[in-house]
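Take a look at the structure below.
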């Protein structure tokens, strides 16, 4: 399974990449939604794992664009922002799964396993 991880925090982005690669996922990374959309235009992936709060293009806008331009790509949204439940907004946009940060890597692996054909 090919996974694109979109996360502006470099430490978390690298951790997620290494954790997923250790489970035999093919992983690509992007710092924000704009970078991710540029990547998606030339490289097919099965799943996009995106943070919701990022500079330049946030996760909500990214999810909306991915759902329109790449309808077969499944999206997993993650956020740790307190206050307004932006994960519910992501669910309304049709994401396959949401994860509240901090989450255990096993939660992510279970979510991805459920998305496998």
Gain on full stretching of the segment that runs from residue 43 to residue 12 - 0.36 nm per residue minus C-alpha separation: 8.9 nm
Alpha-carbon centroids, segment 8-22 and segment 73-117: separation in whole Å: 16 Å
Shape category assigned to segment 29-117 from the gyration tensor of Cα positions, a/c cut at 1.5: oblate
Residue 23 versus residue 116: modelled label distance in nm, points set 7 Å from Cα along the beta carbon direction: 1.0 nm
Highest-first arrangement of 53-59, 64-70, where packing means the average Cβ count within 10 Å: 53-59, 64-70
Max mean-square fluctuation residue, GNM over the chain, Cα-Cα springs under 10 Å, options 87, 18, 49: 18
Extension gain from residue 2 to residue 105, taking 0.36 nm per residue of separation minus the Cα-Cα distance: 35.4 nm
Inter-probe distance in nm under a simple model that places probes 7 Å from Cα toward Cβ, at residue 53 and residue 96: 2.7 nm
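The numbers here are math on the coordinates, done by the rules we state, and not lab data. The structure presented is a predicted model; accordingly, all values stated were derived computationally and were not measured. Reconstructed Cβ throughout: ideal geometry from the backbone, glycine too, with neighbour counts over all protein chains shown.
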